[in-house]
Amino acid sequence: LLTLVFLSGAFVAASAAELKVMTVGLVGGSFRTLAQAWSRETGNPVTLVIPPSALDQVLAAMKTRDADAVLLPMDDLRREAGQFRPGTAHAIGRVLFGLGSKQNAPKPSIATEAAFKAALAGKSVLVNDPATSLNGRMAKAMFDDPGFETVTVRGIYSAAAALAKSDADYVVTVLPEEAGVSTLTLLGEVPPTLGLNIDFDGGVTARAANPELAAQFLAYLRSAT
């Protein structure tokens, strides 16, 4: 399951050189797969300056560590526009949210917004701690909207992994996180009408040692399907 949906664009071949990249962890394994494929196709190794990390860790690292390209949630990249070369920021993809349950639990239909709300009525749901997690804050904001009044929402670190040992019924978090937890059953995506997704941009940093290569790599990500 490719949980990061990449958008269309053009790919231009690059000359061999090391490319240094930072990205938030929300992009999941699909980013690593595409980076490895690009390295094989072009001979340009992609080096992650830090492992895919929480947003605040990436923002902090950007101030002290050099990178050629950085992937951030769209709004955050725009707020950090001064750290990027003008005109180099482009939409890369979208990360979706899902509803997960414990293994062998009932599997209600959640295909529509009405069905999703009905399935969660009177239930308890884990989300990532809103104090430290962007996707946790977004999930909590969704549950504050009308139609979820009977749902008990609890914020916790690494919610997907925590569900198995919790008395909660479900977890709502990004699909890349849920896909990596073997004790979790993915029931489906959160209905798109609820607007729960994270759009990502990528940009070439102002301190990039290989700005042209970075632009080509980002174009490759946009071209991937």
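The values are calculated or read from the model by the stated rules, or taken from the named source; none is laboratory data. Note that this is a predicted model, so its numbers are computed, not measured. Please note: Cβ atoms are built from the backbone with ideal geometry, for glycine as well, and neighbour counts cover all protein chains shown. Keep in mind that these areas ignore ligands, DNA and RNA; they rest on the heavy atoms of the full protein, side chains included. Shrake-Rupley method; radii C 1.70, N 1.55, O 1.52, S 1.80 Å.
So the values come out like this:
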item	result
Contacts under 7 angstrom Cβ, first residue in the stretch 27-52 being closer than 12 Å to TYR220 by Cα, partner among the small types (Gly, Ala, Ser) and open to solvent by less than 30 Å² (accessible area, probe 1.4 Å), 6 or more apart	LEU34/ALA224; THR42/ALA14
Sole residue being of a type in the set (S, T, N, Q) and surrounded by fewer than 15 Cβ atoms within 10 Å (Cβ to Cβ), chosen from THR23, THR33	THR33
Tabulated pairs, the stretch 126-143, first at positive phi, second surrounded by fewer than 16 Cβ atoms within 10 Å (Cβ to Cβ) and part of a helix (DSSP H, G or I), C-beta under 8 angstrom, 6+ apart or interchain	none
Matching entry among GLY147, GLY155 (being within 24 Å of the chain's Cα centre (by Cα), more than 13 Å from LEU187 (Cβ to Cβ) and small (Gly, Ala, Ser))	GLY155
Selection from the stretch 63-118 of residues that are touching a Ser or Thr at 6+ places or on another chain (Cβ under 6 Å), closer than 18 Å to LEU34 by Cβ and open to solvent by 30 Å² or more (accessible area, probe 1.4 Å)	none
Selection from the stretch 144-168 of residues that are closer than 29 Å to PHE31 by Cα and open to solvent by less than 20 Å² (accessible area, probe 1.4 Å)	ALA159, ALA160, LEU163
Pair list, Cβ < 7 Å and 6+ apart or interchain, from the stretch 76-99 residues that are over 16 Å from SER30 (Cβ atoms) to residues that are among the charged types (D, E, K, R) and buried (at least 17 other Cβ atoms within 10 Å of the Cβ)	LEU77/ASP201; ALA89/ASP201; HIS90/ASP201; HIS90/ARG222
Odd one out for ALA114 among (1) at pLDDT 95 or above; (2) over 25 Å from ALA162 (Cβ atoms); (3) part of a loop (DSSP other than H, G, I, E, B)	(3)
Which listed residue, of VAL181, VAL204, VAL171, is closer than 23 Å to VAL24 by Cα, open to solvent by less than 30 Å² (accessible area, probe 1.4 Å), part of a loop (DSSP other than H, G, I, E, B) and of a type outside the set (Phe, Trp, Tyr)	VAL181
Residue within the stretch 52-59 that is buried (at least 21 other Cβ atoms within 10 Å of the Cβ) and under 18 Å from the mean Cα position of the chain (by Cα) present	yes
